[in-house]
Amino acid sequence: MTKKLYISTYGCQMNVYDSARMADIMAPLGYSLTEKPEGADMAILNTCHIREKASEKTFSELGRLRNMRSKKLDRDDGDMVIAVAGCVAQAEGAEIMKRAPYVNMVFGPQSYHLLPQMVAQASRGAGHILETDFPVDAKFDHLPSEAIDTNLSAFLTVQEGCDKFCAFCVVPYTRGAEFSRPVAHIVAEAKRMIAGGTQEITLLGQNVNAYHGTLESGASATLAELIYRLAELDGLKRLRYTTSHPLEMSEDLLRAHRDVDVLMPYLHLPVQAGSDRILDAMNRRHTAQEYRAIIDKLRDYRPDLALSGDFIVGFPGESDKDFEDTLQLVRDVDYAQAYSFKYSPRPGTPAAGLDGQMIPEDVKSERLAELQRLLNAQQLAYNQSFVGREIKVLLEREGKRDGQLVGRSPYMQSVFVPSPSHRIGRIATVIVQEGNANSLRGELKPGNVADAA
Ligand code: SAH
Ligand code: SF4
Ligand code: F3S
């Protein structure tokens with residue numbers, strides 16, 4: 001009999017990847033995924049701890065699940081196992097057990113390969129299960145090898161954890177020390193994905209460009225070397241990687257953007273702030289000028305590269321002048337898109353202890369609004385610059401409107417086109433007609449029709 005598994009995913013793409021692997025692991029136990037939590041036999045919240053808001057969602061969502069479980073029990077429809085996974089589980093496992101004692105199991109991002117054991121324990125009524133160790137043997141070795149992600153565009157985690165310890169960030173504590181998967185394992189997984197229909201792979205890591213996995217020879221490979229290996233795989237049309245740290249943008253990686261055709265011209269390279277004083281206080285270990293120099297080099301090698309970034313406003317001690325430096329950096333770089341956040345003090349991180357220097361909430365809000373006005377204007381101008389141009393779009397799925405498909409441009413823009421659905425999976429030439437804040441609209445180039453792909 002099949003059981004229903006509900007997984008709700010918060011946070012970054014690594015959580016998206018992990019959720020897919022949890023589904024893979026649970027499938028042989030008779031669980032199939034369901035879109036809605038009502039009636040599920042098991043519900044997993046895969047949580048994010050990065051900012052306070054993200055973290056608090058865990059508890060409100062748990063409250064809702066608790067109600068659904070009661071209703072299920074009242075209907076005599078069996079129990080619902082409630083599990084908390086991911087970064088909040090890692091950081092606040094004991095707290096979750098205390099605040100929400102109805103939760104059956106709590107496990108961190110490095111422990112989900114133990115799900116079969118944990119589920120068996122729970123069904124024996126073993127009480128609360130808490131798994132938040134960082135096991136020495138990597139979870140990746142325990143993932144089912146037959147599972148394949150058949151999404152046209154899919155994630156592949158190649159590196160996990162972080163040793164950078166930026167002063168504001170919980171990731172080094174929730175994901176642990178940096179770890180890179182061996183090249184052979186990644187190549188094998190990529191081949192399975194391609195055999196299952198994947199055309200675009202995004203290599204994932206909290207610090208993906210610090211990748212240093214072992215080769216068959218025992219030597220260690222850089223991310224660029226891994227990219228060259230994957231680029232040779234038949235059937236792989238597009239390759240991307242995220243997220244990178246400026247300190248790790250090595251020369252071979254910069255050159256890969258010039259030399260590797262399948263490597264898409266888009267890079268997410270967070271800088272966080274434009275003031276050297278703040279960058280230093282954040283422990284980012286580079287200056288704004290060094291970041292600009294990397295961007296210049298990247299643009300020399302790949303003039304059409306689309307750039308994306310992350311910014312934090314209101315880091316403790318940030319003055320008006322510091323903030324102005326961030327705005328200036330944004331003006332200089334001219335981003336295709338970016339993410340920006342108000343600084344959120346996180347328990348246990350060094351910056352959370354800078355009590356006297358906290359920036360008032362209203363100042364943070366004003367700065368965020370100003371930064372976002374600038375970033376939004378850049379993004380709109382960027383998208384509008386495509387009007388009249390031809391771009392290649394990997395048509396991924398149906399859009400909201402009838403007869404419409406949506407896909408991605410090489411530059412990561414969402415592109416909407418009127419097209420019959422049998423073209424899903426093709427890389428079509430699209431003539432762009434409209435550039436909007438968050439997407440492009442266009443038409444298939446007549447005669448081209450996608451069959452080129
Ligand atoms: N490893 C990636 C992603 C880290 S989390 C990287 O190094 O870029 C994603 C983004 O969340 C960060 O880039 C940062 O901009 C933001 N962030 C992290 N901690 C934060 C905090 N305490 N408050 C506000 N934003 C934060
Ligand atoms: Fe967090 Fe910094 Fe590591 Fe990114 S590099 S995950 S921001 S500690
Ligand atoms: Fe959030 Fe953990 Fe990712 S804290 S951003 S889910 S690594």
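The values are calculated or read from the model by the stated rules, or taken from the named source; none is laboratory data. What you are looking at is a predicted structure, and each value in this text was computed from that prediction instead of being measured. Using ideal geometry, Cβ is built from the backbone for each residue, glycine included, and neighbour counts are taken over all protein chains shown. Please note that ligands, DNA and RNA were not included when accessible areas were found on the heavy atoms of the full protein model with its side chains. Shrake-Rupley method; radii C 1.70, N 1.55, O 1.52, S 1.80 Å.
Just the C-alpha atoms of region 390-444: what Rg/Rh do they give, with Rh taken as the Kirkwood radius?
Details: Rg = 9.6 Å, Rh = 10.6 Å.
Reported Rg/Rh (Cα atoms, Kirkwood Rh): 0.91.
If you plug each phi of region 304-314 into the Karplus form 6.51 cos²θ - 1.76 cosθ + 1.60 with θ = phi - 60°, what whole-Hz ³J(HN,Hα) values come out, in order, with x for Gly and Pro?
For region 304-314, the Karplus-derived couplings read 8, 4, 8, 10, 10, x, 10, 9, 10, 9, x Hz, x marking Gly and Pro.
Can you run phi through the Karplus equation (6.51, -1.76, 1.60; θ = phi - 60°) for region 418-435 and list ³J(HN,Hα) in whole Hz, with x for Gly and Pro?
Along region 418-435, the couplings run x, 6, x, 6, 5, 8, 4, x, 8, 9, 9, 7, 10, 8, 7, 10, 9, x Hz.
May I ask you to give the solvent-accessible area per residue for region 139-384, in square angstrom, as obtained with a 1.4 angstrom probe? Don't jump to the answer; show the numbers that get you there.
Values: 9720 Å² over 246 residues.
Result: 40 Å² per residue.
Express the accessible area of region 1-111 per residue in Å², computed with a 1.4 Å probe while the remaining protein chains stay in the model. All intermediate terms of the calculation are to be shown ahead of the outcome.
On the way: 4900 Å² over 111 residues.
It amounts to 44 Å² per residue over region 1-111.
Semi-axes, largest first, in whole Å: what does sqrt of 5 times each Cα gyration tensor eigenvalue give for region 1-65?
Details: eigenvalues 100, 44, 8 Å².
Values for region 1-65, descending: 22, 15, 6 Å.
Helix by helix, which DSSP H runs in the chain go 27 Å or more along their axis at the Cα atoms and have an average Kyte-Doolittle hydropathy of -1.0 or more? Could you put the intermediate results ahead of the total?
Values: long enough: 52-74 (34 Å, -1.40); 361-384 (34 Å, -0.89).
Taking the DSSP H segments of the chain (at least 27 Å long, mean hydropathy at least -1.0), we get 361-384.
So how many Å³ per residue does the convex hull of the Cα atoms of the chain work out to? Let's see the in-between values first.
Details: hull volume 71.9 nm³, N = 453.
Convex hull volume per residue, Cα atoms: 159 Å³.
So which cysteines of the chain have no other cysteine's Cβ under 4.7 Å from theirs?
12, 48, 87, 162, each lacking another Cys Cβ under 4.7 Å.
Using a 1.4 Å probe on the protein heavy atoms, what percent of the accessible area of region 390-444 belongs to carbon and sulfur?
Carbon and sulfur together cover 43 percent of it.
Percent of accessible area on region 159-223 owned by carbon and sulfur, 1.4 Å probe?
Numbers: 1260 of 2030 Å².
Ligands and nucleic acids excluded, carbon and sulfur reach 62 percent.
Quick query: amide H of residue 419 versus all other amide H atoms, modeled in the peptide plane; which residues come in under 5 Å with a sequence gap of 5 or more or a different chain?
Amide H neighbours of residue 419: 404, 405.
What is the antiparallel percent of DSSP beta bridges lying wholly in the chain, to the nearest 5?
Working: 22 of 65 bridges.
Once the DSSP bridges in the chain are tallied, antiparallel ones form about 35 percent.
As an exercise, find the ratio Rg/Rh for region 339-453 from alpha-carbon atoms, using the Kirkwood inverse-distance average for Rh. Display every interim value, and only then the final one.
Working: Rg = 20.2 Å, Rh = 16.6 Å.
Using Cα coordinates only, the ratio equals 1.22.
By per-residue mean of other Cβ atoms within 10 Å, what is the highest-first order of 157-169, 88-100?
Highest-to-lowest ranking by the protection proxy: 157-169, 88-100.
Over all alpha-carbon pairs of region 139-384, lay out the pair-distance distribution in 5 Å bins, whole %, shortest bin first.
For region 139-384, the pair-distance distribution reads 1, 6, 13, 16, 17, 16, 13, 9, 6, 3, 1, 0.
So if I take the centroid of the Cα atoms in region 217-294 and the same for region 8-67, what is the distance between those two points in Å?
Using only Cα atoms to place each centre, the spacing works out to 30 Å.
Using 7 Å Cα-to-Cβ label points, what is the residue 234/residue 363 separation (nm, one decimal)?
Placing both labels 7 Å beyond Cα along the Cβ direction yields 6.2 nm.
Using only alpha carbon pairs under 8 Å that are at least six residues apart, calculate the relative contact order of the chain and give it in whole percent. Spell out each step's value before the answer.
Values: 902 pairs, mean separation 40.8, N = 453.
Averaging sequence separation for qualifying contacts and normalising by length gives 9 percent for the chain.
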